[in-house]
Amino acid sequence: MKSVFNPQDNQELIDRINQLTPTTQPQWGKMGVAQMLGHCQRAVEVGTGLLELRRTAMGFVFGRMALKQLINKPIGRNIPTDKNFIIPPSVDFETEKQKLIEMYTELPEKGHPHITNTKHPFFGEMTKEEWDTLLYKHLDHHLTQFGV
């Protein structure tokens, strides 16, 4: 599995982000490209402890099972998004793009210790390796959503 902490794998993600334009359209889903970039930032913010969210009731019931499926299978299309990860359509594309690139640039530089949050608000307790897989697969999923 590819890793956000591996410089080559991470650079591939950044190169794909750089292929996006303000007019890039999704192949599925409701988010615009700038919203998607902000949405993907939230996952990194939760993992690095910059955004603290309470565990959801649905997460207590389904979180561990969903994490195991997510880790072992491709992410499906049109999965519901937690309200904390919904970004308003008014965000600026270039600002969101630059922020996401900066966040992903830091991951291989700082390594696994950069992941300081052990509890995901839906999936619950997660290892740094699970965070790594989740961050990679999540961004890859959304970049694929936008055709890059």
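Each reported figure results from applying straightforward, stated rules to the coordinates on display, with no laboratory input. From a predicted model like this one, the values you see are computed outputs, not experimental measurements. Here Cβ is always computed from backbone atoms with ideal geometry, including for glycine, and neighbour counts include all displayed protein chains.
Shape class for segment 41-94, computed from the alpha carbon gyration tensor (a ≥ b ≥ c): prolate, with a/c not under 1.5 and a/b above b/c. Within a straight-line Cα-Cα reach of under 15 Å, Lys99 can be paired with the following aspartates and glutamates, leaving aside sequence neighbours fewer than 8 residues apart in one chain: Asp15, Glu45. Over the residues of the chain, the helix contribution to mean residue ellipticity at 222 nm works out to -17500 deg cm²/dmol, using -39500 (n - 2.57) for each DSSP H run of at least 4. Rank Met103, Leu67, Leu51 by how far each Cα sits towards the positive end of the charge dipole of segment 7-145 (+1 on Lys, Arg Cβ; -1 on Asp, Glu Cβ) and give me just the farthest. Towards the positive end, the residue furthest out is Leu67. This model, with +1 at the C-beta of Lys and Arg and -1 at the C-beta of Asp and Glu, gives the chain a dipole about its Cα centre of some 660 debye.
Is there a pair in Lys83/Lys110; Lys68/Lys97; Lys2/Lys68 whose C-alpha atoms are over 27 Å apart, and which pairs would that be? Long pairs (Cα-Cα over 27 Å): Lys83/Lys110; Lys68/Lys97.
So what is the relative contact order for segment 7-145, in percent, with contacts set as C-alpha pairs under 8 Å and at least six apart? Provide the component values of the computation, followed by the final result.
Values: 140 pairs, mean separation 58.7, N = 139.
That works out to 42 percent.
Rounded, prolate or oblate: which fits segment 34-123 when a ≥ b ≥ c are the square roots of the eigenvalues of the alpha-carbon gyration tensor, with rounded for a/c under 1.5 and prolate only if a/b beats b/c? Present the calculation step by step, with values, prior to reporting the outcome.
Working: a/c = 1.72, a/b = 1.27, b/c = 1.36.
Oblate shape, in that a/c is at least 1.5 and b/c is the bigger or equal ratio.
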